[in-house]
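Taking it in order: structure first as structure tokens, then the write-up.
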Amino acid sequence: MQKVNKRKVRVGIDVGGTHTKAVAIDNVTMEIIGKATVKTTHEGELGVAAGVVNAFNKCLSLNDISPDEVVFVAHSTTQATNALVEGDVAHVGVIGIGGGGLEGILAKRQINVGNIPLDSGKTIKVDSEYIKKSQCDEATITGRINALKNKGAQVLVSSMAFGVDSPKEESMVAGLIEKAGMFSTMASDITKLYGLTRRTRTACINASILPKMLDTAVCTEKSVRDAGVSVPLMIMRGDGGVMEIEEMKRRPILTMLSGPAASVMGSLMYLRASNGVYFEVGGTTTNIGVIKNGRPAINYAVIGGHSTYVNSLDVRVVGDAGGSMVRMSNSDIVDVGPRSAHIAGLDYACYTPEEEIVDPQLELFSPKPGDPADYVAIKLKSGKRITITNSCAANVLGYSKPGNYSYGNPNSARLAMQPVADKLGITVEEVAEKILERASAKVLPIIYDLCEKYGLEPSGISLVGVGGGASVLVGICAKKLDCKYSIPENAEVISSIGVAMAMVRDTVERMIPNPSQEDIRAIRSEVINKAIESGAHPDTIEVHIEIDSQTSKIMAIATGSTEVKTADILKPATAEEKLQIAADALRADKKELNILAETGFFTVYGHEQKGDLAVCGLDDKGFIKIQRSDGRAITTTVEEYREAVEKLWDECSIFEAEQVIRPDYYFCLQGKVVDFASTPYLDQQFMIMDTALIDSDPKDELIVVAAQSRING
């Protein structure tokens, strides 16, 4: 008999270096209804795809979930990043196309990018052939294809000067490449930005990982289909979105850093803050990035020292994490990491049964040939050797508490640290403090750098710790910064949650001097169509548009879910709860706050601080969507919004000797917040705003927030 009221289930799978973790989430209640963990499979015919499928099947079978209940399934992947790190890439050939004369000379030089160095010291081998646009016929193209095949090229790229304006010739070349039985990448398919060398290089990197990624994608998709799931298989992108597997087969480069992206998107599900720094703390490394205005910071990925046109999370990776081992001299703790306990094959002291730690003796050793011989090991009476890590110190000092994934046995850690304390002539607690002092000293400069880059005040941010080792580092860093921190529930599987709840995300970028309203509408329409092609439901798509007046670059970002969601993760917050959240965020007494603007969906609070009016805007769930150190807010309607914008245009501007810095704007409309970056021209600002409001009812209530655009704004 068929089930009545069949559940709808979302499944997210995160592929880590050691484990592949799957979670199942009820699509209506947003509650986790299942978890499963398997070892990540690196060897064998299917590679990491086997682990993805094993985790998926285990999650379903352990939790009595039928395949026909699954409405969404997605996974992150380390494969693109690993292929580039390890140099496991294909030989690439480029067929360049350009005009004659000087234009042709320049184009031929720019398209010949040469071998591309990778951070590992290996290279992507690239050979090039050139065709004049006037000679771009089937016979000539076929001759160039054969020439590159004879040089050993396995994948070919078609790249034309000004191909972003008209990709006709690129498309013709790509069709003949595929007719010849080879994989191909069109440069204009990767990005629509000018910059022939950078565009060609990005396409070459994409092409170099295409064969391996395709093999894995086909295997994964087949295995999921064999399991009885019919919905599209989605893949996590490095910018925090997901795309259908068919799209990934064309642009696998977009999946770089999809692991850290998954953790960020999971964090955002629980983060009641607009601005923050997140830590994904594993055993060996910690990924650190920024959330600003409710979105993760995105930047162009850099590979082998070269900038690409691939948008990905701006993530910093440091060899300082939960399992990082302690290093010492005769007189002090000198460092932690970069080697971790699992590299050395040693257990953490805090996870060793207390009764085993008998007659502990200090030893210093070198984990791998060539490493310094100053890493700490503790030899027990039984002959077993264990080690002291950041996690051990966090257990001793109470940063890792019962319920945290990294919590172990603090007494075990104390017993193992005693020989170190005796050697240095200090207490065990002082040893633990020195360890975490060294650990935080590696992380804090990265936080300061990110805050400066993205205009955040370090003391005004929130730290969010995710990953199994979250509690090890986030508490000590928050103490140093004198800021708030949180460790979300299910932090150890937050990446899998992020994959399960991720939105489709697509970006369109163009260089258009003095764009018109029609230009902006065309780009908006294009990015919406791309998001739909990637699997987004049209009714869920939101678009954010930015114009960089200095470079004439227009960037449109569309986000949407794969279906219309039926529930939110939290219940509405009460007025008192929202007031308290805002007061905590602004570091003020509740009595000192005023409501500046309010609708049924948003409340904007204000607080006078040293002559400025700090603003904090919350949605009805109590999530902080806007937080700025000096701003204003006006409640109006869609049809009358221009009057409010004009009123705030000068009021929130900064007038300096040689320039005028105009405000950033936010629109709180229905359940959405749309933000508009500062632009020097009011008419240009109105064009972007008009486009954002094109589908809105003129009578809808709208809160306009303007904030001074400056560092730590």
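The values are calculated or read from the model by the stated rules, or taken from the named source; none is laboratory data. For clarity, every value in this text was computed on a predicted model and none was experimentally measured. Counting neighbours? That spans all protein chains shown, and the Cβs are built from the backbone with ideal geometry, glycine included. The accessibility values were calculated without ligands, DNA or RNA, using every heavy atom of the protein model including side chains. Shrake-Rupley method; radii C 1.70, N 1.55, O 1.52, S 1.80 Å.
Among the residues making up the stretch 520-558, those that are acidic (Asp, Glu), surrounded by fewer than 15 Cβ atoms within 10 Å (Cβ to Cβ) and in a helix (DSSP H, G or I) are Glu533, Asp539. Here the stretch 66-104 is the region considered, the condition is being touching a Gly at 6+ places or on another chain (Cβ under 6 Å) and part of a loop (DSSP other than H, G, I, E, B), and the residue that is nearest to Met172 (Cα to Cα) is His91. Filtered by the rule that a residue be out of contact with any helix residue (DSSP H, G or I) (no Cβ under 9 Å at 6 or more places or on another chain), in a strand (DSSP E or B) and either open to solvent by 30 Å² or more (accessible area, probe 1.4 Å) or at pLDDT 85 or above (or both), the stretch 661-697 gives Ile661, Asp664, Tyr666, Cys668, Lys672, Val673. Number of residues in the stretch 392-407 that are closer than 14 Å to Ala349 by Cβ and at pLDDT below 95: the value is 3.
Only residues that are at negative phi, open to solvent by 10 Å² or more (accessible area, probe 1.4 Å) and part of a loop (DSSP other than H, G, I, E, B) were counted in the stretch 382-417, giving 10.
Inside the stretch 156-178, residues that are surrounded by 23 or more Cβ atoms within 10 Å (Cβ to Cβ), hydroxyl-bearing (Ser, Thr, Tyr) and farther than 10 Å from Ile141 by Cβ make up a count of 1. Remark: Ala153 matches the filter, which requires a residue to be in a loop (DSSP other than H, G, I, E, B) and open to solvent by less than 30 Å² (accessible area, probe 1.4 Å). The residue that is nearest to Met555 (Cα to Cα), counting only those in the stretch 469-512 that are in a strand (DSSP E or B) and open to solvent by less than 10 Å² (accessible area, probe 1.4 Å), is Val508. How many residues are free of Cβ contacts under 8 Å to residues at least 40 places away in the same chain and crowded, with 19+ Cβ neighbours inside 10 Å if we restrict to the stretch 593-615? Matching residues across the stretch 593-615 total 8. Could you tell me whether the stretch 357-380 includes any residue that is in a helix (DSSP H, G or I) and out of contact with any Phe, Trp or Tyr (no Cβ under 9 Å at 6 or more places or on another chain)? No, every residue in the stretch 357-380 fails to be in a helix (DSSP H, G or I) and out of contact with any Phe, Trp or Tyr (no Cβ under 9 Å at 6 or more places or on another chain). Summed over the stretch 287-309, the residues that are open to solvent by less than 30 Å² (accessible area, probe 1.4 Å), of a type outside the set (Gly, Ala, Ser), modelled with pLDDT under 80 and closer than 16 Å to Thr81 by Cβ give a count of 1.
Residues in the stretch 322-356 that are open to solvent by 60 Å² or more (accessible area, probe 1.4 Å), in a helix (DSSP H, G or I) and under 16 Å from Pro419 (Cα atoms): Glu354, Glu356.
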